[in-house]
Amino acid sequence: MPKALVNLLDTPPDLIMSVALLTSPIYRQHDFPDHPENAQRLRALEAAIDSPALGLREFLVSLAPRSATVDEILLIHSERYVDALRRAMTQAPGFVDTAPTYVVPASFDVALLAAGGAIRSVEAVLSGEAGAAFALVRPPGHHARFEEPMGFCLFNNVAIAARYAQRNLGMERVLIVDFDVHHGNGTQEAFYTDPSVLFISTHQEGIYPLTGPADEIGNGPGAGTNINLPLPAGAGDQAMALLTNAIVRPAAERFRPDLVLVSAGFDAHWLDPLAGLQLTLRGYAQLTHDLSVMARQLCAGRIVFVLEGGYHLAALTGGVTTALRTLLGETNLPDPLGPAPRPEPDIGARLILYRQYHGL
Ligand code: ZN
């Protein structure tokens, strides 16, 4: 038994959940030199999961992705956009957005496989192949808009999986929690007038993509099912725990989801070079624990994590392995990267305001 998972031996068997991990070497074919969203992210993740010291792989159910069909992409994106992106492959490598979002000749096919990976992971959880799943896919998805690539994202993987679960798998109500440090603007747009998808995003305010204020609560029949929780620079584990307890959990309980999807970015870690929140690995363990307990209480544990950002390799690999180990039932995990270096700002006033916006 690997030493690092020794905690699991003390976990009562009924609390150990089977966890699926989906990834593919093909996801590394989308790559660009010196770009923060590069194939090394996935190489580092696979190395961490396979490391004999951690011994995590043997506890996971391995899943392989399939490609999403164009019809599945069209659940969220326009035909015009899909055609334009396919045509852009003839000009690749190059940039398709100023963020900058790059494409290489393989990117269109890799993006189909990323969306299909999110779909496959949802299918695995709903068919009972695994209790929970984590889709390690690239390119990420939550910034991708109806008709526009954006912020390193080509197709909106989590939004496509949510809509697929509704159309094909009998899931009426889907909760999407996005804890990437950047606002999931593409996902918000996809479901802004839709009361059947509750979108909750925690993100740092004042950074890319400069969207996601708290007063955007949804529109028309979707009024109330879009919850933006912007945070000031320096906010970390304490702020996230406050938001979870005061807003995310009660909002989820009120919504009563059939399925929970998580846009799991790890760029809110204090070491991340692209942003300024201060989550720690302990914070990610707590967050994963809280979300999985919520899923257990509200929808028979049906929860699927889909990778978004995370640009410091040790924070990214530490965050993902911490999330996987927490899903497996481990507690009291170590945090080799240590606590946040600065004290957190007080978010009490925001909390009151955010609760008011949503009648909580
Ligand atoms: Zn991000």
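The values are calculated or read from the model by the stated rules, or taken from the named source; none is laboratory data. Small disclaimer: the values here were computed from a predicted structure and weren't measured. All Cβ positions, glycine included, derive from the backbone under ideal geometry; neighbour counts span all protein chains shown. Keep in mind that these areas ignore ligands, DNA and RNA; they rest on the heavy atoms of the full protein, side chains included. Shrake-Rupley method; radii C 1.70, N 1.55, O 1.52, S 1.80 Å.
Full extension of the chain between residue 332 and residue 349 gives 3.0 nm of extra length, using 0.36 nm per residue less the Cα-Cα distance. Charge tally for residue 355 (other residues, Cβ to Cβ under 15 Å; Lys, Arg +1; Asp, Glu -1): +1. Oblate is the label for region 32-177, because the ratio a/c of its alpha-carbon gyration tensor axes (a ≥ b ≥ c) is 1.5 or higher and a/b is not greater than b/c.
Taking every alpha-carbon pair under 8 Å whose residues sit at least 6 apart, region 247-341 reaches a relative contact order of 38 percent.
Largest accessible area first, the listed residues 306, 61 line up as 61, 306 when surface is computed with a 1.4 Å probe on the assembled protein chains. Here the accessible area is traced with a 1.4 Å probe on the protein chains. For region 171-266, carbon and sulfur cover 53 percent of it. Summary value for region 165-219: 38 percent relative contact order, contacts being C-alpha pairs under 8 angstrom separated by 6+ residues. Simple spin-label estimate for residue 43 and residue 104 gives 1.0 nm between the two label positions (7 Å along the Cα-to-Cβ direction from each Cα). Peptides 278-286, 191-199, 343-351 ranked from most to least packed give 278-286, 191-199, 343-351, packing being the mean of other C-beta atoms within 10 angstrom over each peptide's residues. Of the Cα atoms belonging to the chain, the radius of gyration and Dmax stand at 18.7, 55 Å. In a simple Cβ point-charge model (Lys, Arg +1; Asp, Glu -1; nothing else charged), region 171-262 has a dipole of about 220 debye relative to its Cα centre. Charge dipole (Cα centre; +1 on Lys/Arg Cβ, -1 on Asp/Glu Cβ; no other charges) of the chain amounts to roughly 380 debye. Each other residue within a Cβ distance under 11 Å of residue 263 adds +1 if Lys or Arg and -1 if Asp or Glu, for a net charge of -3.
Rounded, prolate or oblate for region 268-360? Axes are the square roots of the Cα gyration tensor eigenvalues, ordered a ≥ b ≥ c, and the cut-off for rounded is a/c under 1.5. Note, shape of region 268-360 comes out oblate. Taking all Cα pairs closer than 8 Å and separated by 6 or more residues, the relative contact order of the chain comes to 18 percent.
Each residue, residue 69 and residue 253, gets one label point 7 Å from its Cα in the Cβ direction; the gap between the two is 4.1 nm.
Net charge in the neighbourhood of residue 177 (other residues with Cβ under 12 Å of its Cβ; Lys, Arg +1, Asp, Glu -1) is -3.
Label-to-label distance, residue 168 versus residue 35, with points set 7 angstrom from Cα along the beta-carbon direction: 2.7 nm. The length gained by stretching the chain between residue 357 and residue 61 to full extension, at 0.36 nm per residue less their Cα-Cα distance, is 102.5 nm.
Give the shape of region 125-191 as rounded, prolate or oblate, defined through the alpha-carbon gyration tensor: a ≥ b ≥ c are the square roots of its eigenvalues, a/c under 1.5 means rounded, and otherwise the shape is prolate if a/b is larger than b/c and oblate if not. Prolate, since a/c reaches 1.5 and a/b exceeds b/c.
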